[in-house]
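Written below as structure tokens is the structure these notes are about.
The values are calculated or read from the model by the stated rules, or taken from the named source; none is laboratory data. Quantities reported herein were computed from a predicted structural model and do not represent experimental measurements. Cβ placement follows ideal geometry from the backbone for every residue including glycine, while neighbour counts extend to all protein chains displayed. We work out accessible area using only protein heavy atoms, side chains counted, and drop any ligands, DNA or RNA first. Shrake-Rupley method; radii C 1.70, N 1.55, O 1.52, S 1.80 Å.
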Amino acid sequence: MTGYSKEVINDLVNGTLPWPQTRRIMSAYKDDDRFFKYLAVLQDRVSWSDPILLPVSDHLFICDSAEGRITRCECGHSFGDYRKNWKLKALINVRNTEESLREIYPNSDIPDPSWMEIREFFCPNCAHLHEVEAAAPGYPIVHDFEPDLEGFYRDWLGKPLKEVA
Amino acid sequence: MLDRTANSLQQRLLESERLMDETGCYDGITELRLRKEDPLKFETLHTKLRAYCVSAREMARRISASPGVREVGEMVVAIYTPEGDAIALSNGIMVHVHTMSRFIKWMIRNGYEQNPGIRDGDIFANNDAFIGTVQVPDVMDVVPIFFEGTLVGWAGAVCHELEAGGITPGGDVCLAQERFTEGLFVCAEKIGENDEIRRDYVIRCERNLRMPIYWVLDEKAKVAACIDMRESVKQLIGEIGLGYWQQLSKEYIEEGRRAQLARTRQLTVPGIYRGHTFYGHVTEGKPGFQPLADPNWLYNIPIEMEITSEGKIRLDFDGTQPWGYHSMNCTPAGMDGGMFVTLTQHMNFEGLVNDGAWMATEINIPHGTWTNPDNEMAATATSWALLLPAYGVFQRLLSRGFIARGFVEEAFVGQVNSPMIEMGGTSQYGTGFGMAHFECAAAGSGALAIKDGLDTAYVGWNPESDMGNIEIWEQNMPMVYIGRSIVPNSGGAGKYRGGCAFISTWLINKTDHLRLVTSEHSSRVFDNGGMCGGYPAPTCEKHHAVRNSDIFERAERREPLAHAPGTDPLVSDFERTYKGEQVWEEGPYITRPHKAGDIFSHAYNGGGGFGDVLERDPIKTAWDVENGFLTREAAEKVFGIILKDDADGYPQADIDATVARRAEMREERLKGAVPVSEWIAKESERVRTSDFAAEVAKMYRGAMKLSPRFAKDFKEFWGLASDFAIAGEK
């Protein structure tokens with residue numbers, strides 16, 4: 001069975017594993033113990049101790065905490081109940097003028113702001129840009145991902161999560 | 001078990017579907033008996049079938065006259081069961097492996113066994129998307145495989161034709177607004193018998209196409225590939241026996257289905273995933289468009305994906321736009337094909353690749369939308385325009401699952417449209433001609449979650465991307481290249497940037513009549529997205545051209561030429577360099593003909609970015625600036641990376657200054673942004689008063705009319721009354 005050390009997974013996740021090695025991992029059979037090694041790598045990365053249950057973006061994690069299962073930024077900021085859309089508790093900057101769109105697209109043709117705007121969702125604590133939406137004005141904010149967390153741990157990983165109130 | 005030889009194909013197809021419904025397994029194969037008995041033989045025989053396909057395709061490419069097939073590889077072949085399910089396939093335009101399956105099933109359901117009959121040596125062709133293809137230039141040929149009088153399968157081949165004889169030249173007939181202007185249709189037709197293409201069919205092609213040599217020689221190439229595969233399969237059956245073959249071919253597909261479910265459970269996380277993209281189509285005032293509907297459209301393409309606990313992937317297009325009088329509609333065959341080609345690239349990287357993977361998915365394409373028009377007169381010649389962005393969303397949704405599960409090396413921000421150029425008129429040889437320029441088969445890819453996207457090396461429809469050689473294209477069209485270069489900043493920004501696109505610039509040469517038409521590029525909106533904080537790629541580029549340029553005079557005077565429009569979006573290098581009539585065209589490039597001395601340029605698309613721009617590596621960025629993938633301006637403004645020059649004048653990252661600048665940018669972010677709740681409260685007033693551009697309002701009306709769920713979600717999000725309607729609704 002294929003398997004890699006935690007150090008290799010760490011370098012892979014950080015994008016620092018040399019390409020030939022990365023390529024071999026991409027071409028090989030997948031390692032079945034990846035998930036928990038991945039969680040361990042991510043847990044080492046954060047300064048807080050609440051156990052990470054599932055990453056949902058590059059620096060956003062569902063974790064167990066005193067306030068229940070929440071979505072947490074790598075910096076520690078909580079976006080609340082993981083079943084709710086974390087974006088609704090973020091800071092937003094909307095680029096819907098030619099001037100503000102040019103800041104990101106200085107040398108290209110840009111969208112017509114009356115047809116499309118660029119929405120940036122930041123962590124209110126560390127200002128990390130967690131997600132960008134390109135949407136028509138008035139388009140509802142998307143709830144990107146609603147994982148079946150309990151089902152995943154119970155049926156796919158065979159390690160049911162503790163019940164929470 | 002059904003007698004697989006005595007019953008009609010129609011009965012066999014119905015029985016196969018019933019068995020699938022009843023057992024949940026393909027053709028009722030609940031046990032992989034042959035695989036269990038001898039797994040090595042099982043795998044070896046599949047490798048043989050795959051080798052038959054790959055070798056037949058390579059042979060056929062050498063028969064073709066079309067640079068699309070010869071150079072770029074716009075072809076795929078596959079072997080099918082008698083009921084039309086793919087067992088094995090070649091590389092190439094794999095989307096059509098499943099569309100051909102639809103074509104075979106369509107013939108079976110429509111009584112082709114009785115009339116026109118299905119006999120050994122017959123050749124059937126189709127390019128009708130409502131029967132089973134994506135668009136009019138995708139012409140497919142299939143031949144039945146008989147073994148000792150019994151139909152034991154089909155061999156099929158598809159080539160993308162460079163000319164389809166439509167209202168505008170080329171294959172992707174941009175100007176078609178209804179089926180009747182798309183070009184030459186071959187609707188599940190028997191075009192040959194006894195392994196020979198009928199002469200009257202060839203004459204029809206010769207009389208109805210601008211450049212019949214492409215289509216006709218491609219037919220010969222496809223028929224040769226099919227016969228080659230047929231004979232190989234017959235030889236194999238001679239070795240392993242008919243009964244073994246019949247069981248084996250079905251087990252391959254069931255194994256593919258099971259493997260897909262297992263891979264989904266291995267690589268992703270169950271749950272609901274959502275995403276969207278948009279596409280803008282601007283035709284107002286363009287010559288040739290008939291006033292059949294509004295001239296401009298904004299399409300929203302929302303996708304909800306469910307991964308069930310079984311590992312099944314369900315895609316739902318509910319909430320998208322109605323079909324329209326344009327050529328961007330898609331048929332169920334095209335939608336299924338898009339799903340198939342995406343899965344083959346993203347999940348089927350081990351095990352058997354065949355129709356089984358597709359059977360482990362479900363797709364909801366609401367009737368009446370562009371994904372499933374309720375009017376078969378709808379045109380589909382440029383259906384990729386909406387199909388590619390849609391399946392780019394699917395790739396991002398899957399990638400979210402890969403990231404959640406830890407398989408970051410598989411996460412990929414997705415494919416983009418890669419705009420086509422079609423052309424026709426008088427060639428450099430003084431003859432009539434028509435052609436699609438297929439260098440578009442090499443766009444930038446979306447970023448990965450661990451590295452930048454591929455530059456000029458990926459398109460979703462053909463993972464074997466290739467732009468072809470300049471010299472070959474120049475042999476086939478009255479234009480010569482005066483530039484082909486990377487477009488700086490064309491990849492979406494992010495920790496890992498999207499792959500960059502390229503732009504070509506041509507001098508129109510030795511002709512007084514060249515019609516140029518472009519398609520599959522969005523206007524006024526980006527038709528792709530970023531991921532995890534990455535930005536979308538800038539994919540609403542306009543066209544630049546110069547009519548009656550002074551390029552020959554400049555060349556005579558040995559003055560420098562401009563080889564690309566440059567990086568100033570307001571004044572191009574063409575304007576700075578050439579005298580003549582400067583053209584900036586938005587939307588499909590449909591204008592009066594060009595002639596020798598004119599200059600035309602066309603940019604392809606880059607892919608979306610991944611991750612926060614402020615995490616991008618400054619050293620890599622300096623390299624990007626040095627090599628023309630990013631501009632200095634973007635490095636500083638977008639990424640907060642300060643560059644200085646080294647002793648030799650090359651850009652070098654100033655790490656301290658970068659750290660300081662990025663700290664300032666983070667402060668600026670917090671200062672400039674507002675809580676989402678505050679923004680929603682303010683924005684809801686705009687929504688309440690329908691303060692939108694006409695096309696945006698029309699988009700909302702269209703989505704709400706076709707989708708009660710979209711209407712409900714929209715109203716709930718903005719806190720609107722249940723009877724709310726976008727102003728102006730009739």
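Details
- B:ASP568 accessible area, 1.4 Å probe, all protein chains in place, Å² to nearest 10: 50
- Computed lengthening from A:ASN14 to A:TRP48, 0.36 nm per intervening residue step minus Cα-Cα distance: 10.3 nm
- Take each residue in B:272-282, count the other chain C-beta atoms within 10 Å of its C-beta, and the mean is 4.
- Relative contact order (percent, whole number), chain B, Cα cutoff 8 Å, 6+ residue spacing: 12
- Sequence-distant lysines (8 or more away, or on other chains) whose Cα lies within less than 18 Å of B:LYS644: B:LYS620
- Relative contact order [Cα under 8 Å, 6+ residues apart], chain A, whole percent: 12
- Positive-end residue of A:ASN85, A:GLY15, A:PRO160, charge dipole of chain A with Cβ unit charges: A:PRO160
- Net dipole in debye of the protein assembly as shown [+1 Lys, Arg Cβ; -1 Asp, Glu Cβ; about Cα centre; nearest 20]: 420
- Inter-centroid distance (Cα atoms) of region B:523-539 relative to region A:58-119, Å: 14
- Compared with the alpha-carbon gap, the fully stretched path from B:ALA725 to B:ASP654 is longer by 20.1 nm at 0.36 nm per residue.
- Area buried, chain A against chain B - accessible surface, total, 1.4 angstrom probe, square angstrom: 7100
- Dipole magnitude (debye, nearest 20) for chain B, charges at Cβ of Lys, Arg, Asp, Glu: 540
- Convex hull projection area averaged over all views, chain B, Cα basis, nm²: 33.7
- Three-way shape call for region A:27-165 based on the alpha-carbon gyration tensor, with the a/c threshold at 1.5: prolate
- Rounded, prolate or oblate (a/c below 1.5 giving rounded, otherwise prolate when a/b exceeds b/c) for region B:1-122 by Cα gyration tensor: oblate
- Sequence-separation-based contact order of region B:415-503, relative, with Cα cut under 8 Å and 6+ spacing, percent: 30
- Heavy-atom accessible area ranking, 1.4 Å probe, most first, across B:GLU464, B:GLU148, B:GLU678: B:GLU148, B:GLU678, B:GLU464
- From its DSSP helices (H runs of at least four residues, each -39,500 (n - 2.57)), the protein assembly as shown gives a residue-normalised ellipticity at 222 nm of -10500 deg cm²/dmol.
- Accessible area of B:TRP106 (1.4 Å probe, protein heavy atoms only, ligands and nucleic acids ignored): about 80 Å².
- Neighbouring partner chain Cβ atoms per residue of A:144-157, average, 10 Å criterion: 6
- Region A:70-146, Rg to Rh (Cα coordinates; Rh as Kirkwood inverse mean 1/r): 1.02
- Per residue solvent-accessible surface (Å²) - chain B, probe of 1.4 Å: 33
- Over 18 Å (Cα to Cα) - which of A:LYS89/B:LYS671; B:LYS286/B:LYS579; B:LYS105/B:LYS222; A:LYS89/B:LYS682; B:LYS190/B:LYS222 fall in this group: B:LYS286/B:LYS579; B:LYS105/B:LYS222
- Virtual spin-label span in nm between B:LYS234 and B:GLU206, 7 Å along Cα→Cβ: 2.9
- Shown is the FRET efficiency for B:THR689 and B:ASP294, computed with R0 = 22 Å from the Cβ-Cβ distance and rounded to the nearest 0.05: 0.50.
- Between A:ALA66 and B:TYR244, the distance separating the two model label sites (each 7 Å from Cα on the Cα→Cβ line) works out to 7.0 nm.
- Rounded to 0.05, the FRET efficiency of the B:LEU14 and B:ASP374 pair, given R0 = 41 Å and the Cβ-Cβ distance, is 0.95.
- Between B:GLU553 and A:PHE36, the distance separating the two model label sites (each 7 Å from Cα on the Cα→Cβ line) works out to 7.8 nm.
- For region B:632-730, the Cβ-based charge dipole about the Cα centre amounts to some 760 debye (Lys, Arg positive; Asp, Glu negative; other atoms uncharged).
- Prolate/oblate/rounded call for region B:597-651, Cα gyration tensor, a/c under 1.5 rounded: oblate
- Shielding score for B:517-528, defined as the mean number of other chain Cβ atoms within 10 Å: 3
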